[in-house]
Amino acid sequence: MSDAERTPRAVLALARSCEQRILGVAQSPRPLLAIPHLLNQESAASYHGYLLANMAVYQTRAFFRRRFGYLTDNPAVGPLLAQHYWSPGNSLSHDATLRSLTGEGFSARYLAEACNQSVDEAWKQAQQIIAAAAQREYPQAYPDSLEARIRIVHGREIIADNSQSDGMMCQQFEDWVGAHYPASEH
């Protein structure tokens, strides 16, 4: 829309037409642009926090990609997240934690860039990341054990645990999934 066409009425009409096209209803029961809760689909202003958190995730990923070139299995990522995000907890604002790590204030830019990619652009980027990961040498071997007590539960049922070994836990979980969700159902 041009600046002259971008009136409150025109923007609302565009939003309503998108709701009709995407949701199949003339007017959503939720407030316009509300982010529904992932589990129960209710909505409130506080759920806009999901969008804000997603914006911060994309900003953080962009920072790590610029600085290190990759995220997966990068031993530098965890300590930096711990130092700048997890250790301060709620003692710092959302913006302050982002500034502490990335050096820039909270921004929607990185999420917007991802959202505005075409399918082909996103696929090309994913292929580049996969190819680079395949070429990368990883200096640290994975530990034999996580040195943690792990239990996988479903309601009150303990599906698996690593009391005998991590490998046994994985096998118990795989067996449980296979018994409850046979491959023929997929």
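The values are calculated or read from the model by the stated rules, or taken from the named source; none is laboratory data. What you see is a predicted model; the values in this text were computed from it and never measured. Because the Cβ atoms are built from the backbone with ideal geometry, glycine has one as well, and the counts that use them run over all protein chains shown.
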Subject >> Matching residues, the range 1-49, being at pLDDT 75 or above and touching a Pro at 6+ places or on another chain (Cβ under 7 Å) >> reply: none
Subject >> Neighbours by Cβ (under 9 Å, 6+ apart or cross-chain): first from the range 87-109, assigned by TED's automatic domain parsing to the domain that holds Arg66 and in contact (Cβ under 8 Å) with a residue 40 or more places away in the chain; second assigned to a helix (DSSP H, G or I) and among the β-branched types (Val, Ile, Thr) >> reply: Leu98/Thr60; Leu101/Thr60; Thr102/Thr60
Subject >> Elements of type helices (runs of 4 or more DSSP H) contained in the range 77-186, each with 3 or more residues being surrounded by fewer than 10 Cβ atoms within 10 Å (Cβ to Cβ) >> reply: 119-135
Subject >> Residue list for the range 110-123, restricted to those being within 16 Å of Tyr50 (Cα to Cα) and either without any contact (Cβ under 8 Å) to a residue 12 or more places away in the chain or among the β-branched types (Val, Ile, Thr) (or both) >> reply: Ala112, Cys115
Original post:
Looking at this structure, is Phe173 of a type outside the set (Val, Ile, Thr) and in contact with a strand residue (DSSP E or B) (Cβ under 9 Å, 6 or more places away or on another chain)?
Top reply: yes
